[in-house]
Amino acid sequence: MRATTIQLAMVVALLSVGCEDDGDKGSDSGVAAADTKGTGSATSTGSATGTGSTTGTADGWVANWTPCSGYLVDTLYCDDAQTCYVGCGSNASGQGLFLTTDGGLSWDIAPDETGALFDDFRVHDVHRDPRDGLLYVAGKGDGDIRVVALDTTNGSVTEVYINHPNIDYTMSSANYVRRSDGLELAESLTGGQVVIRRDDAGFRESYAEYGGWADGDGWWHNTDYTMNAQVLDLVVVDDQIIGSGSQINVPPAVLLPPRTWEFGTDSDGDGSLDLLWETVSFASEGIGAYDGECWGVAGNADGLAVVCVDQDADRGMAYTIGADWQTTAYDPDNWTETRFDTVVAAATEGGRSTWNEGVCRGPGNRVTVVGRDSQTNDGYVAHSDDGGSAWREVTAAVEAAFGGGFGPITRCMYTADHLMVAGPGLYAYVPLGEL
């Protein structure tokens, strides 16, 4: 079993090289990137062998580094603040599923039984299913591999989804989720493709040619029930699949569980599943209407949170709703809307743009939003203690811990006792009691 160690010096060198927007999810959809920052710290002594000192601490925050270069950390999953996985598959040098076991002091390619599976895997989504303990990894692996399940106790790998020679089944996977009844869903990084598989022998036999997976692309074109909203993020809340998305030239949307049909229904018998979510569009009419995308969605027992970008005004937006979302979320007027040009100091004091990239919900009705200035790529972190009614920026504390400025912050996650955030060249965490 082999683990490829990424030397810190190599990462710092990579961070000095810009990355062109490739048009994938996670990109800025045409807004030019400029002045991408490196690590922002000249004092880091973190070592690739797991020994060394942290980049710094401030106000409870501890800041280290990630091996992602370019403009994006596609995915972050942490078992705890010290043990985390990141994938940076959208960047030019995007191969690898990276693992730290020392809070970001060092990162290695995650080990697997082949010794090399993740060396060439462009990883876009990682999460651990608490029911089976497996780590599910989605993206673009060697050949036709797109989603795998990794047993991190012994390195064994099981193929979950592979490409098939049909346009509806050929894609790089951006997100993969599964419900407790065995329903699985994977969706495309760059297009509208969605594929679904049920834990049902008859269903799988009907789609045996494609490994038991059914084409759900018909949903994207079903104008009776949805808008052409490309899926950009997925989450499972209360065992229901929720998405966010849209496109640059249409209003942003959240994709909610259907109330009047079964999720994943073939309504016309053509073999394509055309009834998936109900689409709820934010800002689609009236004086505040705008076009844009919703890049992230998160949820827990306290409610849902969605982050979007107003393309017309070049500003980040957040929408939050409480624990009664299953009855209230279908009316966009019931969501609390926050304009992030009123939250982030660079916008309120300097007139800069805001681009919300990721969101996470934590215990105690906490919500955190991460993002960047789409012109300078300076990152920011903002936090709410009350489910999204009031916000405060905490970027300065992260910057103080890191020892200087940093680039985009694109992903965040809560555990029971910590908040973790990540971007190209930066991994930082804070105990919830210090937040």
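Of note:
- Of the GluC sites (Glu not before Pro) found in the range 334-435, those that fall in a DSSP loop while having at most 11 other beta-carbon atoms within 10 Å are 349.
- Under the Karplus curve 6.51 cos²θ - 1.76 cosθ + 1.60, θ = phi - 60°, whole-Hz ³J(HN,Hα) for the range 391-397, x wherever Gly or Pro sits: 10, 9, 7, 10, 4, 4, 5
- A Gaussian network model of the chain, with springs between Cα atoms under 10 Å, assigns the largest mean-square fluctuation among 186, 345, 422 to 345.
- Mean projection of the Cα convex hull over all viewing directions, computed for the chain: 19.2 nm².
- The range 217-376, relative contact order in percent, only Cα pairs under 8 angstrom and at least six apart counted: 17 percent
- Rounded to whole numbers, the Karplus 3J(HN,Hα) couplings from phi for the range 136-147 are 9, 10, 10, x, 9, x, 4, x, 9, 5, 10, 9 Hz, using 6.51 cos²θ - 1.76 cosθ + 1.60 with θ = phi - 60°, and x at Gly and Pro.
- Applying both filters, DSSP loop and at most 14 other Cβ atoms within 10 Å, to the chymotrypsin sites (Phe, Trp or Tyr not before Pro) of the range 206-301 gives 261.
- For the range 103-214, the convex hull spanned by the alpha carbon atoms encloses 118 Å³ per residue.
- The dipole here belongs to the chain: it is taken about the Cα centre, uses +1 on the Cβ of Lys and Arg and -1 on the Cβ of Asp and Glu, and is about 1160 debye.
- Spin-label pair residue 390/residue 142, simplified geometry with 7 Å Cα→Cβ offset, distance in nm: 5.5 nm
- Considering only 308, 298, 363, and ranking their Cα positions along the charge dipole of the range 291-426 that arises from unit charges at the beta-carbon of Lys, Arg, Asp and Glu, the one farthest toward the positive end is 363.
- For the range 336-377, the Kirkwood hydrodynamic radius from C-alpha pairs, put into Stokes-Einstein at 37 °C and a viscosity of 0.692 mPa s, yields a diffusion coefficient of 294 µm² per second.
- Ranking 188, 109, 155 by how far each Cα lies toward the positive end of the dipole of the range 73-205 (charges on Cβ) leaves 188 at the top.
- Cα lying deepest toward the dipole's positive end in the range 161-264, options 250, 261, 176, charges on Cβ: 250
- Using just its DSSP H runs of length 4 or more, each adding -39500 (n - 2.57), the chain gives a mean residue ellipticity at 222 nm of -1500 deg cm²/dmol after division by all residues.
- Our coupling estimate for the range 164-169, obtained by passing each phi through the Karplus curve with A = 6.51, B = -1.76, C = 1.60 and θ = phi - 60°, is 10, x, 8, 4, 6, 10 Hz, Gly and Pro reported as x.
- Highest mobility in the GNM of the chain, judged by mean-square fluctuation with C-alpha springs under 10 Å and restricted to 188, 246, 156, is found for 156.
- The range 64-140: radius of gyration and largest Cα-Cα distance (Dmax), Å: 11.6, 34
- Listed peptides 61-67, 96-102, 134-140, 120-126 appear in the order 61-67, 134-140, 120-126, 96-102 once ranked by packing, highest mean of other Cβ atoms within 10 Å at the front.
- Spherically averaged projected area of the range 280-435 from its Cα convex hull (nm²): 8.7 nm²
- Backbone amide hydrogens, once placed in the peptide plane, bring residue 152 within less than 5 Å of 135, excluding anything fewer than 5 places away on its chain.
- Mean Cα-pair separation over length for the chain, i.e. relative contact order, pairs under 8 Å, 6 or more apart, %: 16 percent
- Candidates per GluC sites (Glu not before Pro) in the range 240-325, loop by DSSP, up to 13 other Cβ within 10 Å: 262, 285
- Coarse-grained scattering of the range 274-351 at q = 0.12, 0.26 Å⁻¹, given as base-10 log I(q)/I(0) from a Debye sum over alpha-carbon atoms: -0.38, -1.33
- As a proxy for reagent exposure, 383, 164 were ordered by neighbouring Cβ count within 10 angstrom, fewest first; the result is 164, 383.
- Label-point separation, residue 80 to residue 159 (7 Å along Cα→Cβ), nm: 3.6 nm
- Of the peptides 189-196, 323-330, 306-313, the ranking by mean beta-carbon count within 10 Å, highest at the top, reads 306-313, 189-196, 323-330.
- In this Cβ point-charge picture (+1 for Lys and Arg, -1 for Asp and Glu), the range 329-435 has a dipole of about 240 debye about its Cα centre.
- Cα point-scatterer Debye curve for the range 56-107, base-10 log of I(q)/I(0) at q = 0.15, 0.18, 0.31, 0.32 Å⁻¹: -0.41, -0.57, -1.18, -1.21
Since every read-out is calculated from the coordinates, none of them should be taken as a lab result. Every value quoted in this text rests on a predicted model; they were computed, and no experiment measured them. Here Cβ is always computed from backbone atoms with ideal geometry, including for glycine, and neighbour counts include all displayed protein chains.
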